[in-house]
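Here's the structure we're looking at; comments come further down.
The values are calculated or read from the model by the stated rules, or taken from the named source; none is laboratory data. If you're wondering where the values come from, they're calculated on a predicted model, not measured in any experiment. Neighbour counts are summed over all protein chains in view; Cβ atoms, including those assigned to glycine, are modelled from backbone coordinates with ideal geometry. Surface accessibility is based on the protein's heavy atoms, side chains included, excluding ligands, DNA and RNA. Shrake-Rupley method; radii C 1.70, N 1.55, O 1.52, S 1.80 Å.
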Amino acid sequence: MTFESWAAFAAATAILLVIPGPTILLVISYALGQGWRTAFPMAVGVALGDFTAMTLSMLGVGALLATSATIFTALKWAGAAYLIYLGVKLFRAGGSLNAEPRQDASSALKMLGHAWLVTALNPKSITFFVAFLPQFLDAKADFWTQMLIFEATFITLAFANAFGYALVASRARAVVGNPRAIGLFNKAGGTLLVGAGIATVAVRSGSN
C-alpha cells in the first residue's frame with residue numbers, strides 16, 4: 001500500500017476511536033469508580049478485543065474480495081452509507097453519556113477480560129469493521145500484508161485511546177459529566193463521520 005493510504009487509514013481511525021462507544025463507556029465507568037489504576041488493564045482488554053473483532057472482520061472481507069470484485073465494490077458503497085448513518089446518529093445523540101461509576105473492586109485480570117468481552121463480542125464492532133476496512137484496502141495489493149499493517153495500526157491507536165480516556169476520566173470527572181461538552185463532542189464526531197462517508201462516495205464516483 002502507499003503511505004498516503006496508510007496515513008488516511010490512521011487519521012480516520014484516530015477520529016473514529018475518539019468517539020465514545022460501548023467500549024469507551026465501560027472504560028470511563030471503571031475509571032470514574034476506581035481511578036487511574038484501571039487504565040492499563042482496560043486498554044489491554046480493548047486492544048485484544050479489537051484484535052479479535054478486526055481479525056474476524058478482515059477474514060470475512062478477504063473472502064469476499066477473493067470471491068467477487070463486484071461484491072467487494074458493493075460492500076465499499078454500503079460501508080460508506082453506514083459511516084454516514086453512524087455520523088447522523090451521533091450528531092443527534094445530544095449530551096448524554098451513560099457511564100455510571102463502577103464502585104465494586106475488580107482485579108486487573110477481571111477488568112481486562114470484561115473490556116475484551118465487550119469489545120470483541122459486540123456485533124456492532126464486527127459490522128463496523130466490515131463497513132470501515134474495505135474503504136482503505138487495495139484489491140490489487142497483497143491482502144495479508146495490508147491486514148497486518150492495518151491491524152497493528154488500529155490496535156496501537158485503540159490502546160492509546162482507551163488508556164487516555166481512563167486517565168482523563170479519573171482526573172477530570174467534571175468534563176466527562178458535562179452535557180454541553182459531550183453534546184459538542186458528539187456533534188463534532190458526527191460531522192466528521194458524515195464527512196468521511198461523503199468523501200468515500202466522492203472518491204469512489206471519481207474513480208468510476
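Kindly sort T23, T73, T67 by accessible area of their heavy atoms, largest first, with the probe set to 1.4 Å. Provide the component values of the computation, followed by the final result.
Numbers: T23 25, T73 60, T67 105 Å².
Solvent-accessible surface, decreasing: T67, T73, T23.
If you rank E4, E151 by how much accessible surface each has, with a 1.4 Å probe, what is the order from largest down?
Numbers: E4 125, E151 15 Å².
So the residues, ranked largest to smallest area, are E4, E151.
Maximal additional length on extending the E151-L109 stretch stands at 12.8 nm, based on 0.36 nm per residue less the C-alpha distance. Taking every Cα-Cα distance in the range 1-151 and sorting them into 5 Å bins from zero, the calculated P(r) comes out as 2, 9, 16, 19, 18, 14, 10, 7, 4, 1, 0 percent. Here the range 107-148 exposes an accessible surface that is 73 percent carbon and sulfur, computed with a 1.4 Å probe and the other protein chains kept in place. Each residue was assigned an accessible area with a 1.4 Å probe, and for R37 the value is about 110 Å². Stretching the chain fully between A7 and A81 yields a gain of 24.4 nm (0.36 nm per residue, less the alpha carbon separation). Across the range 51-56, coupling constants 3J(HN,Hα) worked out from phi with the 6.51/-1.76/1.60 Karplus curve, θ = phi - 60°, read 4, 5, 5, 5, 5, 4 Hz, and Gly and Pro carry x. Couplings for the range 15-20, taken from phi via the Karplus curve 6.51 cos²θ - 1.76 cosθ + 1.60 with θ = phi - 60°, read 5, 5, 5, 5, 5, x Hz in order; Gly and Pro are left as x.
Take the Cβ-Cβ distance between A69 and D142 as r, set R0 to 25 Å, and report the resulting FRET efficiency rounded to the nearest 0.05. Before the final figure, lay out each step's value.
On the way: r = 16 Å, r/R0 = 0.64.
Given R0 = 25 Å and the Cβ-Cβ separation, E is 0.95.
Show me the ranking of peptides 125-132, 38-45, 140-147 by mean Cβ neighbours inside 10 Å, starting with the highest. Mind showing how you got there, number by number?
Numbers: 125-132: 20.2, 38-45: 23.6, 140-147: 12.5.
Per-residue mean Cβ counts within 10 Å order the peptides as 38-45, 125-132, 140-147.
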